[in-house]
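Just so it is clear, none of the values below were taken in a lab; they were calculated from the coordinates. Just so we're clear, the structure is a prediction, and the values are computed from it rather than from any experiment. Neighbour counts run over all protein chains shown; Cβ positions are idealised from the backbone, glycine included.
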Amino acid sequence: MNKVRLGEIAKVNSTTFCTDDFDEILYLDTSSVTKGVFDNFIHLSKNDKIPSRAKRAVKDKTIVYSTVRPNLQHFGIFNTPKENVVVSTGFATIDVKDNLASPKFLYYCLTQDKFTNYLHTIATNNVSSYPSINPSDLESLELEIPKDIKTQTAIARILSSLDDKIELNNKINAALENLAKTIYEYCFVQNAEKTWERKSLKELGEFKNGANYEKANEIGERIKIVNVRDISSSSFFIQVENLDEIILQRNEIEKYLLCENDIIFARSGIPGATRLIEKTEEDVIFCGFAIRFRLNDNNLKEYLFFSLKQNEEFAKNKSGGSIMPNISQDILKEISISIPPTELLEKFNKTVSPIFSAIIKNRQESANLAQLRDFLLPLLLNGQVTMGKAQDEPTIIPFQKNADSDTKYQTWKEQIGIAARGNIDEKTLHNIYDAIDENDR
């Protein structure tokens, strides 16, 4: 293993972007990428007001790492971006020098929890008005990396295969979400009838604002809580396993518990944004910047969810507030919704429920793969899981027809060229194998 400083093998903020060279640019802000997932590029033309922070240039295999609040994990790596992509100066851009390391391997090194926590500690001790790091903090990071770039590339390939499956699941879920929206629009928008009864939301359920709490509280039970960023980082279902935990007295917890048939609104930040929560065995509550809508009739959940998502823009336009936009129960209660016949609702639910189940299954599989990837990364880096002879381009070894599970596992392990040291690490590899579906193996 080689011990190096990041600044010795990579350039930080090496190139400035010139917006005058393009009629249109694609701008990435720090909030639009989290843990390698790029969410939303802002399309801007010369006639638009270009953000003053749109200055960092990127290229193939550029790593972007947010210098503000590193614990939020706003980082990613570009694969062949368009020439007109520019990122915020809130990012540090990291480009490997002269093939001194594998860019993807370096990305996985930098995104380990130990570096995230270390950089966040530096950020919180910074004298600026908000937690942030300097480019020099990144350049001075000490890394231990394999001397052989082929070994680095092979390690990155294993981890990337898990990320590729996660990305595929995300694309499948996006398609499933669009399919569910299309079915809703066909049933209830294109074929809506004026004779359908209209009711206000206050007639269809009860509203409750979330819990206000002190982070420093040390008396009570640990409980997971939905915050606004959990709403903004999701589209349909809030991811329970990524929620923050707070300590609260049990009698307070009981007031704010969520169940799988509740609909959740953001009060501020993205006012009116509408989400569902996955079924979970754990208790989950919601924060004071959110509103819970508990239905009188659970058969209306799927229909109302899509109807209210259509009303998100309406809710935003009605929102007000001095510091950040917000929405109140009073506004939500007056939203009027057409209620279709029971027979049509039941048919819609029967069609959409399997789609929702598939979305949840794919998202949970992705969460498991991400957890296994993060667990495998330090094992690969510290030698607990070792690489076989690294290949530039691996060949595909097909499974033998009718082979048993253990034979397939050994074939898979041989194919990707890794070996475990000890029973515990062998079990970890087997867990990773089990989490990948048959075709991806």
Rounded to the nearest 10, the angle in degrees between the Cα long axis of helix 405-416 and the longest principal axis of the Cα atoms of the chain comes to 60 degrees
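Could you state the orientation-averaged shadow area of the convex hull built on the Cα atoms of the stretch 180-269, in nm² to one decimal? Show your work: numbers first, answer last.
Numbers: hull surface 32.5 nm².
Here the figure is 8.1 nm², rounded to one decimal.
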The Cα extents of the chain along the principal axes, largest first and rounded to whole Å, are 71, 60, 54
In terms of the charge dipole of the chain, which places +1 on Lys and Arg and -1 on Asp and Glu at the beta carbon, the residue among 85, 264, 158 farthest towards the positive end is 85
If N is the residue count of the stretch 1-53, its Cα Rg over 2.2 N^0.38 Å rounds to 1.58
Everything considered on the Cα gyration tensor (a ≥ b ≥ c; rounded for a/c under 1.5, else prolate if a/b is larger than b/c, else oblate), the stretch 222-318 must be described as prolate
For the stretch 188-239, Rg(Cα) over 2.2 N^0.38 Å is 1.88
Inter-part gap, Cα centre of the stretch 190-207 to Cα centre of the stretch 1-29, in whole angstrom, is 52 Å
Quick shape check on the stretch 119-232: root eigenvalues a ≥ b ≥ c of the Cα gyration tensor, a/c under 1.5 is rounded, otherwise prolate if a/b tops b/c, else oblate, and it reads oblate
Computed, not fitted: 222 nm per-residue ellipticity of the chain from DSSP H runs ≥ 4 (each -39500 (n - 2.57)), nearest 500, equal to -11500 deg cm²/dmol
At the level of C-alpha centres, the distance separating the stretch 151-170 and the stretch 235-286, in angstrom, is 31 Å
Sorted largest first, the C-alpha extents of the stretch 2-145 along its principal axes in whole angstrom are 47, 37, 23
Largest fluctuation, 116, 195, 274 only, Gaussian network model of the chain with Cα springs under 10 angstrom, belongs to 195
Residues meeting the amide H criterion for residue 238 (H placed from the backbone, H to H distance under 5 Å, 5 or more places apart or on another chain) are 276, 277, 278
